[in-house]
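J.: What follows is a structure written as structure tokens; I'll ask about it next.
The values are calculated or read from the model by the stated rules, or taken from the named source; none is laboratory data. Fair warning: this is a prediction, and the values are worked out from it, not measured in the lab. Ideal geometry is used to build each Cβ from the backbone, glycine not excepted, and the neighbour counts take in all protein chains shown.
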Amino acid sequence: MTSQVMTGQLIAAQRPSLWSRVLDTSPDAAPTVARVMLALVMFPHGAQKLFGWFGGYGWEGTMGFMTGQIGLPTPLAAGLILLESVGSVLLLLGLLTRPIALGFIGIMLGAIFSVHAQFGFFMNWSGAQAGEGFEYHLLVIALSIVLVLRGGGRWALDRRLAP
């Protein structure tokens with residue numbers, strides 16, 4: 001064998017697998033705090049869409065809005081509802097933290113550009129504007145970026161599953 005082939009094999013053997021990179025997480029507590037808080041904030045929004053809890057429209061109403069008014073394909077709309085609801089529970093457990101956080105970034109960017117950007121930055125705290133701004137979405141994106149970069153933290157199930 002040539003030294004180039006052997007060097008390539010050594011480098012490949014030292015490179016972590018995609019699965020281990022997805023599950024790898026920081027051992028400190030800060031990502032845990034970000035993960036738990038994000039899950040607790042996102043779950044009620046997902047439950048509104050999936051079950052109609054907390055004054056939401058449930059599966060039928062949300063699917064109607066996403067496919068009818070926004071124009072999303074049915075499988076994408078269904079996936080978004082499940083990501084926001086089931087994904088929040090998985091995030092709380094620290095299971096598949098990075099993919100779920102990436103999904104949340106996608107959801108928030110989609111919400112900003114399809115619905116909320118037209119209403120400006122601020123949420124509609126006083127009821128004075130026609131819709132909600134996008135400040136909340138930016139906070140979700142920021143917390144999600146922390147989780148994409150650092151993983152789920154010390155008490156994430158991802159740590160137990162990582163090779």
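J.: Among the numbered criteria (1) closer than 16 Å to residue 39 by Cα; (2) hydrophobic (A, V, I, L, M, F, W, C); (3) in contact with a Phe, Trp or Tyr (Cβ under 9 Å, 6 or more places away or on another chain); (4) loosely packed, with under 15 Cβ neighbours inside 10 Å, which one does residue 141 miss?
T.: The single condition residue 141 does not satisfy is (4).
J.: With respect to the numbered conditions (1) surrounded by fewer than 16 Cβ atoms within 10 Å (Cβ to Cβ); (2) touching a Leu at 6+ places or on another chain (Cβ under 9 Å), which one is the sole condition not fulfilled by residue 127?
T.: Against the list (1) surrounded by fewer than 16 Cβ atoms within 10 Å (Cβ to Cβ); (2) touching a Leu at 6+ places or on another chain (Cβ under 9 Å), residue 127 comes up short only on (2).
J.: Related question: Considering only residues that are of a type in the set (Gly, Ala, Ser) and buried (at least 21 other Cβ atoms within 10 Å of the Cβ), look in segment 32-53 and name the one that is farthest from residue 87 (Cα to Cα). Don't jump to the end; show me each part of the working.
T.: So in segment 32-53, the residues of a type in the set (Gly, Ala, Ser) come out as 34, 39, 46-47, 52.
Still in the list and also buried (at least 21 other Cβ atoms within 10 Å of the Cβ): 34, 39, 46.
Details: 34: 15, 39: 8, 46: 9 Å.
Among those residues, the one meeting the criterion is 34.
J.: Kindly provide the set of residues from segment 83-108 that are farther than 20 Å from residue 153 by Cα and exposed (fewer than 15 other Cβ atoms within 10 Å of the Cβ), ordered by number. It would help to see each step written out before you state the result.
T.: If we filter segment 83-108 for residues that are farther than 20 Å from residue 153 by Cα, which is where we start, we get 83-85, 106-108.
The one that is farther than 20 Å from residue 153 by Cα and exposed (fewer than 15 other Cβ atoms within 10 Å of the Cβ): 106.
Let's see how each residue does on (1) without any contact (Cβ under 8 Å) to a residue 40 or more places away in the chain; (2) hydroxyl-bearing (Ser, Thr, Tyr):
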{"position": "57", "(1), (2)": "yes, yes"}
{"position": "65", "(1), (2)": "yes, no"}
{"position": "77", "(1), (2)": "yes, no"}
{"position": "83", "(1), (2)": "yes, no"}
{"position": "94", "(1), (2)": "no, no"}
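J.: Just give me the residues in segment 104-136 being under 18 Å from residue 88 (Cα atoms) and aromatic (Phe, Trp, Tyr), in sequence order. Talk me through it step by step, then tell me what you get.
T.: Kept after step one, since they are under 18 Å from residue 88 (Cα atoms), are these residues of segment 104-136: 104-111, 136.
Once the filter is applied, which keeps residues that are under 18 Å from residue 88 (Cα atoms) and aromatic (Phe, Trp, Tyr), segment 104-136 yields 104, 136.
J.: Kindly indicate the residue of segment 118-160 that is part of a helix (DSSP H, G or I) and touching a Gly at 6+ places or on another chain (Cβ under 8 Å) and also nearest to residue 96 (Cα to Cα) among those meeting that condition.
T.: Pass one, segment 118-160, residues part of a helix (DSSP H, G or I): 118-119, 135-150, 157-160.
The next check asks that each one be touching a Gly at 6+ places or on another chain (Cβ under 8 Å); those that pass are 118-119, 157-159.
Values: 118: 33, 119: 33, 157: 8, 158: 6, 159: 10 Å.
Top of the filtered list is 158.
J.: Need at least 3 residues that are at pLDDT 95 or above per element, so show me which helices (runs of 4 or more DSSP H) inside segment 1-88 make the cut, counting only ones lying wholly within it. Steps first, answer last, please.
T.: Numbers: elements: 3-14, 18-23, 30-51, 58-64.
Helices (runs of 4 or more DSSP H) meeting the threshold: 30-51, 58-64.
J.: Specify which of the listed residues (159, 98, 154) is out of contact with any Leu (no Cβ under 8 Å at 6 or more places or on another chain), touching a residue at least 12 places away in the same chain (Cβ under 8 Å), of a type in the set (D, E, K, R) and under 14 Å from residue 26 (Cα atoms).
T.: Values: 159 fails: out of contact with any Leu (no Cβ under 8 Å at 6 or more places or on another chain); 98 fails: out of contact with any Leu (no Cβ under 8 Å at 6 or more places or on another chain).
After applying the criteria, what remains is 154.
J.: Another one. What about residue 31, is it within 15 Å of residue 140 (Cα to Cα), in contact with a Phe, Trp or Tyr (Cβ under 8 Å, 6 or more places away or on another chain) and not aliphatic (A, V, I, L, M)? Give the steps one after another, and end with the answer.
T.: Working: within 15 Å of residue 140 (Cα to Cα): yes; in contact with a Phe, Trp or Tyr (Cβ under 8 Å, 6 or more places away or on another chain): no; not aliphatic (A, V, I, L, M): yes.
It is false that residue 31 is within 15 Å of residue 140 (Cα to Cα), in contact with a Phe, Trp or Tyr (Cβ under 8 Å, 6 or more places away or on another chain) and not aliphatic (A, V, I, L, M).
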